[in-house]
1. Please verify whether L319 is over 24 Å from L237 (Cβ atoms) and within 26 Å of the chain's Cα centre (by Cα), treating the condition exactly as stated.
2. If we keep just the residues of the range 318-365 that are more than 16 Å from E305 (Cβ to Cβ) and among the hydrophobic types (A, V, I, L, M, F, W, C), which is surrounded by the fewest Cβ atoms within 10 Å (Cβ to Cβ)?
3. Counting residues that are open to solvent by 60 Å² or more (accessible area, probe 1.4 Å), which strands (runs of 3 or more DSSP E) fully inside the range 80-138 reach at least 2?
4. Show the residue pairs meeting these rules: Cβ distance below 6 Å; 6+ apart or different chains; first residue within the range 247-265 and over 13 Å from L300 (Cβ atoms); second residue among the hydroxyl-bearing types (S, T, Y) and surrounded by fewer than 22 Cβ atoms within 10 Å (Cβ to Cβ).
5. Residues of the range 228-238 being within 17 Å of the chain's Cα centre (by Cα) and open to solvent by 10 Å² or more (accessible area, probe 1.4 Å), which ones?
Amino acid sequence: MLAYASTGLAARLSVVFTGNMASLSVGELQEMEVDRRGESEESGDDETRRKSINGDVDPNQPTATSKEESPVDMDTITLDPEEEDVDLVHCRIGKIEGLEVLQKAKTLSLRQNLIKTIENLDSLSALRELDFYDNQIRKLENLHNLTELEQLDVSFNVLRKVEGLEQLTRLKKLFLLHNKISSIGNLEHLTGLEMLELGSNRIRVIENLDSLTSLQSLFLGTNKITRLQNLDALHNLTVLSIQSNRITKIEGLQNLVNLKELYLSHNGVEVIEGLENNKKLTTLDIAANRVKKIENISHLTELQEFWMNDNQIDNWSDLDELKNATSLETVYLERNPLQKDPQYRRKIMLALPSVRQIDATFIRF
């Protein structure tokens, strides 16, 4: 498998996938259990995963290729016709050519090269995974023969629109992190898509997702989205990351009854509401918003992680909303008025005895 670093994810969380990724610091390194954050949060410490799920650069990734390097001639690269997993990372490839010998290739990684145009891949019909992360590609094109493709990563390029994917009906994972995409569209044929990563783009509206009923993870962090809407058809969605946008109201989630992880940090939310039908939530991240009161979540009995740091919570009685979540293990409340209390940690422990981690520090017994 080709490793992907987002998101989404996250997302702590690109994803974690993946992984959160926005203006959070990566300073607090803790030994965390492996997260269930999807492809974009497969590795890294807790804060790093938080950032990747939000659509920012994963610090675990190599430094981006210098775009002033001179491309090499493909004739200088030796290719093995028997190889199924082909890795051509950071080879200074400027033009795709001469790959016809790779008839057995199932995965092809062309990360961190100097490629501007997707071309000359028609003969590689057996490909399952294709990775163009960190190149100079301006257009999704010439992919129509790759009908077996299940994973495509064109993150960190200069795409302005989603297009040219109509024949890729077997696609399950699509990563378009950090491009210049301004709208969601041309995805209606991808009915088998399970993960969609569109973090760090220029998207303003959630739209044109109705046909993606198989979607399980959706990463939209670091865009310009003002409203949660047009998500009703996504009944199978389990992870939604929409951090670092312009959301002011939690709404439009009533049909997402299978949602398990919701990441809304770094928005402008003032009231916790609209989660009546999301009873399967295990992770709720509303950090860095404008919330003054923890409310309307006493029915979320399956919560395991609750992120409410950097808000305006000042009343200890608000923690009563979390008492029904008997599996709650992690609570972030730092940089709220509550933290000024000298008994801050002790009071959280008494109110929520199941908690094993308060902010970035584990509880020692």
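The values are calculated or read from the model by the stated rules, or taken from the named source; none is laboratory data. The model shown is predicted, which means the values in this text are computed figures rather than measured ones. Quick reminder, even Gly has a Cβ in these numbers, built from the backbone with ideal geometry, and neighbours come from all protein chains shown. For the accessible areas, the whole protein counts, side chains as well, though only heavy atoms, and no ligand, DNA or RNA atoms are used. Shrake-Rupley method; radii C 1.70, N 1.55, O 1.52, S 1.80 Å.
1. Values: over 24 Å from L237 (Cβ atoms): yes; within 26 Å of the chain's Cα centre (by Cα): no.
No; evaluated as a whole, the condition is false for this residue.
2. Only one residue tops the list, namely F365.
3. Values: elements: 85-87, 107-109, 129-131.
Those strands (runs of 3 or more DSSP E) span 85-87.
4. N258/T238
5. Correct list: N236, T238.
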